[in-house]
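Peer 1: What follows is a single structure, and I will ask about it in a moment.
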Ligand SMILES: [Zn+2]
């Protein structure tokens, strides 16, 4: 029987045990918490680390721990040829789950639970792939490691503890995304701009304006109070413009003027084409009102000019750029807070490989300054593992062999666990088109997909280390 058939047989025979191991990890509420002795990211992640290390030792692997922040299970002799990088921490849950999020539930071919696809389930898949390769006795030229972190979701403070002691493997993949292979991650600009002014008396003027709550979420809702206008004037502008802006609105009398609120559609800031930004839509509505010439109104008009509602690619900022490997720049004004003293805004931009500090970040900042704002930005450069290399080729081959689908390299606007790891890629375990509801309610993974993924991972270990 050939090696592929033996892998498929082994994984089928161990499916029940594999799901039971996922359940043990999902039981532990490993959301980040305050540092305690022996638990740098809180009790939950530390308990999950203990449980995972126990599981790996029981499976017969050598396990080493790094400052209680991470651990690594490995097997094989000699040089480390492959690292797999997965995490045990999870984001917290909201109301609305149909099952207990901290009990793995199997129903109609689907597994439910917090972490089942991000990233406790995938960690177990990688562990079983290692077990499979070992049990089938394939001779390896070097060793393979499963690095288990406990702080992926809130700052990745875990990996430095591991890499302070150990070298980077020449090949690293993280089972914490989708198949086929994500080898390119856009750069990230986290920008801030603000202006301050004295209390004004000019009318009509925007008294307050706010929307957004998190830098990486495109906000649906925004509201403003405009003094010195009547409801009829505001409604006339809204009726004319709201359909084009794709927002709903309410306008009601308030404090010597009108309170105007709009609702668009929220989404992650890395894919703004999926949403409708309430802040920029409201800025456009406000800019169409017959406002006086004063500092707060000028700020609102500048926002409307530089961040038109329909523009999520930085076109008005002059930085709309794209390349074949990493796609098009995205630009989201994600938080705006304005009162009678001034305005503060936050930007989230995902930048293709062709974008640099010089051709992109600096021009944005100087344009904002020319409009009267103070501006600054934090820039994280992109991640780019060449798609033509032998490692990526092998990963794609394994994917093709198991699925019968054509493998290809993809880019993402989000950052993954390998963002700072040279030569690293994200590789499964979710399949294109599957909605796992990661970070949301009823997070899930299909049993059939889990089986396929572990078969791919076992082949990948054999291909890279064999
Ligand atoms: Zn994750």
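The values are calculated or read from the model by the stated rules, or taken from the named source; none is laboratory data. Predicted model only: the values in this text are computed from it and were never measured. In this analysis, Cβ positions are derived from the backbone assuming ideal geometry, glycine residues included, and neighbour counts consider all displayed protein chains.
Peer 1: Would you be able to say whether some residue in region 87-95 is more than 23 Å from residue 51 (Cα to Cα), at pLDDT 95 or above, away from the ligand (no atom under 16 Å from the Cβ) and assigned by TED's automatic domain parsing to the domain that holds residue 421?
Peer 2: Among the residues of region 87-95, not one is more than 23 Å from residue 51 (Cα to Cα), at pLDDT 95 or above, away from the ligand (no atom under 16 Å from the Cβ) and assigned by TED's automatic domain parsing to the domain that holds residue 421, which makes the answer no.
Peer 1: Next question. Which residues, taken from region 151-191, are part of a loop (DSSP other than H, G, I, E, B) and either within 16 Å of the ligand (Cβ to nearest atom) or within 14 Å of the chain's Cα centre (by Cα) (or both)?
Peer 2: Those that are part of a loop (DSSP other than H, G, I, E, B) and either within 16 Å of the ligand (Cβ to nearest atom) or within 14 Å of the chain's Cα centre (by Cα) (or both): 151, 152, 153, 154, 155, 156, 157, 158, 175, 176, 179, 186.
Peer 1: Does region 366-380 contain any residue that is modelled with pLDDT under 95 and part of a loop (DSSP other than H, G, I, E, B)?
Peer 2: The answer is no, given that none of the residues of region 366-380 is modelled with pLDDT under 95 and part of a loop (DSSP other than H, G, I, E, B).
Peer 1: A follow-up question, please. Within region 114-130, is even one residue out of contact with any strand residue (DSSP E or B) (no Cβ under 8 Å at 6 or more places or on another chain), more than 24 Å from residue 423 (Cβ to Cβ) and away from the ligand (no atom under 16 Å from the Cβ)?
Peer 2: Checked region 114-130: at least one residue is out of contact with any strand residue (DSSP E or B) (no Cβ under 8 Å at 6 or more places or on another chain), more than 24 Å from residue 423 (Cβ to Cβ) and away from the ligand (no atom under 16 Å from the Cβ).
Peer 1: Please state which of the following conditions residue 74 fails to meet, knowing it meets all the rest: (1) part of a helix (DSSP H, G or I); (2) under 28 Å from residue 157 (Cβ atoms).
Peer 2: Result: residue 74 passes all but (1).
Peer 1: Just to verify a result, which residue in region 96-113, among those that are at pLDDT 95 or above, away from the ligand (no atom under 16 Å from the Cβ) and at positive phi, is surrounded by the most Cβ atoms within 10 Å (Cβ to Cβ)?
Peer 2: In this case the residue turns out to be 109.
Peer 1: Go through the residues of region 396-414 one by one and say whether even a single one is in a loop (DSSP other than H, G, I, E, B), touching a strand residue (DSSP E or B) at 6+ places or on another chain (Cβ under 9 Å) and either over 28 Å from residue 330 (Cβ atoms) or within 16 Å of the ligand (Cβ to nearest atom) (or both).
Peer 2: Yes, that holds for at least one residue.
Peer 1: Starting from region 109-126, keep only residues that are in a strand (DSSP E or B), then list their pairs with residues that are within 12 Å of the ligand (Cβ to nearest atom) whose Cβ atoms are within a distance under 8 Å, requiring at least 6 positions of separation or different chains.
Peer 2: Within 8 Å, the pairs are 111/121; 112/443.
Peer 1: Of the conditions (1) in contact with a helix residue (DSSP H, G or I) (Cβ under 6 Å, 6 or more places away or on another chain); (2) without any contact (Cβ under 8 Å) to a residue 60 or more places away in the chain; (3) part of a loop (DSSP other than H, G, I, E, B), residue 433 fails just one. Which one is it?
Peer 2: (1)
Peer 1: Could you check, for region 134-147, whether at least one of its residues is assigned to a strand (DSSP E or B), at pLDDT 95 or above, crowded, with 24+ Cβ neighbours inside 10 Å and within 14 Å of the ligand (Cβ to nearest atom)?
Peer 2: Checking region 134-147: at least one residue is assigned to a strand (DSSP E or B), at pLDDT 95 or above, crowded, with 24+ Cβ neighbours inside 10 Å and within 14 Å of the ligand (Cβ to nearest atom).
Peer 1: Just one of the numbered conditions (1) at pLDDT 95 or above; (2) farther than 24 Å from residue 69 by Cβ; (3) touching a strand residue (DSSP E or B) at 6+ places or on another chain (Cβ under 7 Å) is not true of residue 215; which one?
Peer 2: Tallying (1) at pLDDT 95 or above; (2) farther than 24 Å from residue 69 by Cβ; (3) touching a strand residue (DSSP E or B) at 6+ places or on another chain (Cβ under 7 Å), residue 215 fails exactly one: (1).
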